[in-house]
Amino acid sequence: MKKLIALISILTLSISTYAQDVDKLIEQKDVARIIQTLAADDMQGRGTFTPGIEKAAQFIEGEFKSIGLKPLEGLNGFRQVVDVKALGQLPTRGNMAEKLNNNPLFNVVGVLPGKSKPDEYVIFSAHYDHLGVVKPVEADSIANGADDDASGTTAVITLAKYFKKLDNNARTIIFVAFTAEEIGGFGARYFSKMVNPDKTVAMFNIEMIGKPSKFGENSAFITGFERSDFGTILQKNLEGTAFKFHPDPYPEQNLFYRSDNATLARLGVPAHTISTDQIDIDKLYHSVKDEFNSLDVKNITATIKAIALSSRGIIAGVETPTRVAKLER
């Protein structure tokens, strides 16, 4: 009994210590700064193949550089040019085919090398593109994409800063902002060809965390919760806190295969998307009203902190989620 009490005390102290680190190192004002920048009108909705997405990429690159991340092996900088010809099954005619053939696409990727298990990878990802300039609604034609997915991209940048400051990750952490999710997931599809899925322990894809979930504040859901024990591990590491992860409440939406986690999940990686969006009733989704002033920055910050806390065992190399069943092609 004494040993059990001592163990519980140690675990409680550990949670408390990590929570203090998270509260100290992840600041709401910095979260707001990043989202406001990515969702500003001068980013022109970050449409693929536009000057706006170039400006967004430059901003993310600058953040990764200031944090002190390293480029992905084989790259000279943080840009990973997407070779669309390597993807197959692309449109062969029409406007999209012309754009894909004549305009560069690139992910923005930064790496924090692992201390003791550098050949095991943990990925934090989000897509930084959105719809760009669309049909005007009440004289507004910029689809700012504050929630979709400036909120997720902000989480990736914030987590990169957090783990760099801790500087104790056993496994290598890859932080990636994907391009072209909105037009076919080309960025994630290419990235999955450049990283070894057998060495990829987990993928935290973060998509639309801008407002409270249907479960209320201090909650989020995980797509494909039942496909691995990824979500169970995360929730276990949040015991003693107010935050809770839930299984995806919208199975009819097939969200597990509708975001950038899907490509690596098909290869067996426990790659899941974390979200808070009430997709069944979200009237701002893919609209010009998805702006910074529609977001709950406090809730976003709480979700980012929960991801930081819940991932600590995976980052430390002491917890490894079970694999997802490979999808036959």
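The values are calculated or read from the model by the stated rules, or taken from the named source; none is laboratory data. The structure displayed is predicted, hence computed values, not measured ones. In this analysis, Cβ positions are derived from the backbone assuming ideal geometry, glycine residues included, and neighbour counts consider all displayed protein chains.
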Suppose we keep only residues that are out of contact with any helix residue (DSSP H, G or I) (no Cβ under 6 Å at 6 or more places or on another chain) and in contact (Cβ under 8 Å) with a residue 40 or more places away in the chain within the range 237-267. Which one would you say is nearest to Asn205 (Cα to Cα)?
Asn261
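In a strand (DSSP E or B) and of a type in the set (A, V, I, L, M): is that true of Ile173 in this structure? Even if it seems obvious, please write down each step before you answer.
Numbers: in a strand (DSSP E or B): yes; of a type in the set (A, V, I, L, M): yes.
For Ile173, the condition - in a strand (DSSP E or B) and of a type in the set (A, V, I, L, M) - is met.
Is one or more of the residues making up the range 127-146 surrounded by 14 or more Cβ atoms within 10 Å (Cβ to Cβ), in a loop (DSSP other than H, G, I, E, B) and of a type in the set (Ser, Thr, Tyr)? Steps first, please.
So in the range 127-146, the residues surrounded by 14 or more Cβ atoms within 10 Å (Cβ to Cβ) come out as 127-134, 140-146.
Checking the rest, the ones that are also in a loop (DSSP other than H, G, I, E, B) come to 128-129, 131, 144-145.
When the remaining residues are screened for being of a type in the set (Ser, Thr, Tyr), the result is 128.
Yes, the range 127-146 contains a residue that is surrounded by 14 or more Cβ atoms within 10 Å (Cβ to Cβ), in a loop (DSSP other than H, G, I, E, B) and of a type in the set (Ser, Thr, Tyr).
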I need a count of the residues in the range 54-85 that are surrounded by fewer than 16 Cβ atoms within 10 Å (Cβ to Cβ), within 24 Å of the chain's Cα centre (by Cα) and not in a loop (DSSP other than H, G, I, E, B).
7
Subset of the range 234-256, residues closer than 14 Å to Ile274 by Cα and among the hydrophobic types (A, V, I, L, M, F, W, C), comes to Leu234, Phe243, Phe245, Leu255, Phe256
Filtering the range 86-118 down to residues that are under 30 Å from Asp167 (Cα atoms), among the charged types (D, E, K, R) and either in contact (Cβ under 8 Å) with a residue 60 or more places away in the chain or not in a loop (DSSP other than H, G, I, E, B) (or both) yields Lys117
Search the range 285-296 for residues that are at pLDDT 95 or above and pair each with any residue that is of a type in the set (Val, Ile, Thr) when their beta-carbon atoms are under 8 Å apart and the residues are at least 6 apart or on different chains.
Tyr285/Ile279; Ser287/Val137; Val288/Val134; Val288/Val137; Val288/Ile142; Lys289/Val137; Phe292/Ile35; Leu295/Ile35
